[in-house]
1. Have a look at Arg87, Arg13, Arg242 and tell me which one the Gaussian network model of the chain (Cα, springs below 10 Å) gives the largest fluctuation.
2. Would you list, by chain and number, the lysines whose Cα falls below 17 Å from the Cα of Lys24, excluding same-chain residues fewer than 8 positions away?
3. Report, for the chain, the % of DSSP beta bridges that are antiparallel, rounded to 5.
4. I'd like to compare 140-148, 96-104: which one has the highest average count of other Cβ atoms within 10 Å, and what's the full order after that?
5. Over the range 52-121, with a single point scatterer placed on each C-alpha, what log10 of the ratio I(q)/I(0) does the Debye formula yield at q = 0.15, 0.27 1/Å?
6. Looking at the range 22-179 from every direction and averaging, what is the projected area of its Cα convex hull in nm²?
7. Rounded to the nearest 0.05, what FRET efficiency do Asp105 and Glu126 have when you use their Cβ-Cβ distance and R0 = 22 Å?
8. Output the 0 to 90 degree angle, nearest 10, between the alpha-carbon long axis of helix 217-237 and the longest principal axis computed from the alpha carbons of the chain.
Amino acid sequence: MDDKLVIKGIEFRSRLWVGTGKYKDFEETRKAVEASGTDVVTVAVRRVNITDRKSENLLDYIDPKKYRILPNTAGCYTVEDALRYSRLAREAGISDLVKLEVIGDEKTLFPDTCGLLKATGILAKEGFIVLPYTNDDPVMARRLVDAGAAAVMPLAAPIGSGLGIRNPYNIKIILEQAKVPVIVDAGVGTASDVAIAMELGCDGVLLNTAIAGAKDPVSMAEAMKYGVLAGRLAYKAGRIARKLHAAASSPIEGML
């Protein structure tokens, strides 16, 4: 597709971004990433070895020359931890891009939005391209943009839940007021969920569990690719208006 996703002047070929956790091994990760058609792979700096090249490393399977590695701060429950791992990734030469997570609750993994807002402001001032994972609150989304977020990443549902888009109306409000790209992050379960997000007008979707947890991760990765493409095309095409009653598909004028 010609309408590339652009964030802070960086062009992305695919609007589907994928994570690298929960696969049975690095080889399955590689196959699923390839099948997804993505060019962005997100990696938890706190959990995955990407800095020590002396031992088996994810980057032995995911070529940084082919994919943009997006470090994330998954597992960070404080502002200080999120800042530390963001800086570590940049110092290791991985990226100025960071998917910023500050988790507020261990059971639901909902974000600590107060901490997230603070960390976004600090990292943006340090020159990071900050992509914060947040809830589907339009007010918080606006504040994150004001604090310097290069995009906002509202959840569709709790991380790993597979529940799909639980509140499309809030997502639509975020889209209406956003001055930056909106990428749905967390909670989608299958390709139809991805298509719905794109049909709403979202600029992209980031997911992990929906692929890695599928019975056949590689096939699901390919399905997600087509879900994004179909949803984006449908959004650009413009759906017909919803009507209460039927409307004939064929004209009746001129018929005997």
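Bear in mind that the values in this text are calculations on the coordinates, not laboratory data. Source: prediction; values computed, not measured. Cβ atoms come from the backbone with ideal geometry, glycine included; neighbour counts cover every protein chain shown.
1. Top of the fluctuation ranking is Arg242.
2. By straight Cα distance, Lys24 reaches Lys215.
3. Bridges in the chain that DSSP calls antiparallel: roughly 15 percent.
4. 96-104, 140-148
5. Cα-only, vacuum Debye calculation for the range 52-121: -0.55, -1.14.
6. Convex hull of Cα atoms, orientation-averaged projection: 9.7 nm².
7. According to the calculation, E is roughly 0.25.
8. 50 degrees
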